[in-house]
Amino acid sequence: MVAPAIDSDTGGEPASDSQTYRRAVRDLREGYAQRELWLSLGWQDIKQRYRRSVIGPFWITIATGVQAVAMGLLYSVLLDIDLRSFLPHVTVGLIIWNLISASILEGADVFVANEGLIKQLPSALSVHVYRLVWRQVLLLGHNLLIYLIMLAVFRPELHWTIITAVPAFFLIVVNMVWVALLFGIVATRYRDLAPILGSLVTLLFFMTPIVWTTANLQTMGGEAAQRARLVEINPLFHYLDILRAPLIGEDQQAYHWYIVLGCTAVGIALTMVAMRTFRARVPYWV
């Protein structure tokens, strides 16, 4: 009787077991269980990037703040919008956008960039994704200093709905995980995907109401108001709104949450299919 083939990537389990949902879920659990590893690696990424720098990762804070002020001043004049209401809109939008776009762009390169660790370190693939997400959360923490300064200067009228920013943040983090996993697996096999995503994210930046507002287009009436409705087909608009609106005291409609939850469910389902089918092949593709 011939013994079943053994897949070294699955820790001695039969090769067929590597292509099951059970094994995909186990990879996610094992990766989270190794949090001491990815928490340490993510922190080291920040320290290494700004090694020998006097103010370290706060350069990211300064760059984001300068960009937000420059864009806010420019587009408030071009679009004839009051700066006191528009600058918080741009600032918080830019902070959240940096978090979302990084999960897409760096997520597509997450396994290729960690080729050495994947081939030499016996750990779950999800470890590298958790590391990426943790690194971006740390950068977000530094950028929150800009938000606090904005609150002190412009004093937007916040409401009790600001507490919804907490579940919104965790929902975005969950989406960052599946986005990095899905795009990371596909982009490892098809290397053309990463530059395509780079161009697409740049396009989506201008299609997402960060440096402009849907309210401003709607007040223009006519074709401008109709075009404002086209933004609804951009899923990133809804992700942005569930977190930005409560942080700057804007009203928020429930349908944004419904769309984000729907996209999350579909994204997780696609990711689990990709993990089940291609997880064991990633070490060979890198």
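Below, the figures for the structure above:
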| quantity | calculated |
| --- | --- |
| D (Stokes-Einstein, µm²/s), Kirkwood Cα radius, the chain, 0.692 mPa s at 37 °C | 159 |
| Nearest 10 degrees, 0 to 90: helix 58-78 Cα axis against the chain principal axis | 40 |
| Accessible heavy-atom area order of Asp80, Asp241, Asp109, highest first, probe of 1.4 Å | Asp80, Asp109, Asp241 |
| The range 84-150 shape via C-alpha gyration tensor axes, a/c threshold 1.5 | prolate |
| Rounded to the nearest 20 debye, dipole of the range 68-215 from Cβ charges on Lys, Arg, Asp, Glu | 320 |
| Whether the range 226-268 is rounded, prolate or oblate, judged on the alpha carbon gyration tensor where a/c under 1.5 counts as rounded | oblate |
| Residue-level accessible surface for Val69, protein heavy atoms, 1.4 Å, Å² | 70 |
| Accessible area of Met71 in the full protein assembly, 1.4 Å probe (Å², nearest 10) | 40 |
| Note, ³J(HN,Hα) from phi for the range 115-122, Karplus 6.51, -1.76, 1.60, rounded to Hz, x at Gly and Pro | 3, x, 5, 5, 7, 10, 9, x |
| Percent RCO, i.e. relative contact order, over the range 150-263, from Cα pairs under 8 Å lying at least 6 residues apart | 38 |
| Computed accessible area, Ile81, all protein chains, 1.4 angstrom probe, square angstrom | 30 |
| The chain - mean residue ellipticity at 222 nm from DSSP helices (-39,500 (n - 2.57) per run, n ≥ 4, rounded to 500) | -24000 deg cm²/dmol |
| Only Lys, Arg (+1) and Asp, Glu (-1) charged, at Cβ; the chain dipole about Cα centre in debye | 620 |
| Folded to 0 to 90 degrees: helix 255-278 orientation relative to the chain principal axis, Cα | 20 |
| Tyr284, Tyr190, Tyr255, Tyr147, reordered so the largest accessible area comes first (probe 1.4 Å) | Tyr284, Tyr190, Tyr255, Tyr147 |
| DSSP loop trypsin sites (Lys or Arg not before Pro) with at most 11 other Cβ within 10 Å excluded, longest remaining stretch of the chain | 53-286 |
| Summed side-chain charge close to Gly56 - residues other than Gly56 whose Cβ falls under 15 Å, Lys, Arg +1, Asp, Glu -1 | +4 |
| Accessible surface, 1.4 Å probe, highest first, among residues Ile149, Ile118 | Ile149, Ile118 |
| With Cα atoms, 0 to 90° folded angle of helix 35-49 axis to the chain main axis | 60 |
| Sites Arg155 and Leu200 - FRET efficiency at Förster radius 41 Å, r taken between beta-carbons, to 0.05 | 0.65 |
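The values are calculated or read from the model by the stated rules, or taken from the named source; none is laboratory data. Predicted model only: the values in this text are computed from it and were never measured. Ideal geometry is used to build each Cβ from the backbone, glycine not excepted, and the neighbour counts take in all protein chains shown. Side chains are part of the model used for accessible areas, which takes the heavy atoms of the whole protein and leaves out ligands, DNA and RNA. Shrake-Rupley method; radii C 1.70, N 1.55, O 1.52, S 1.80 Å.
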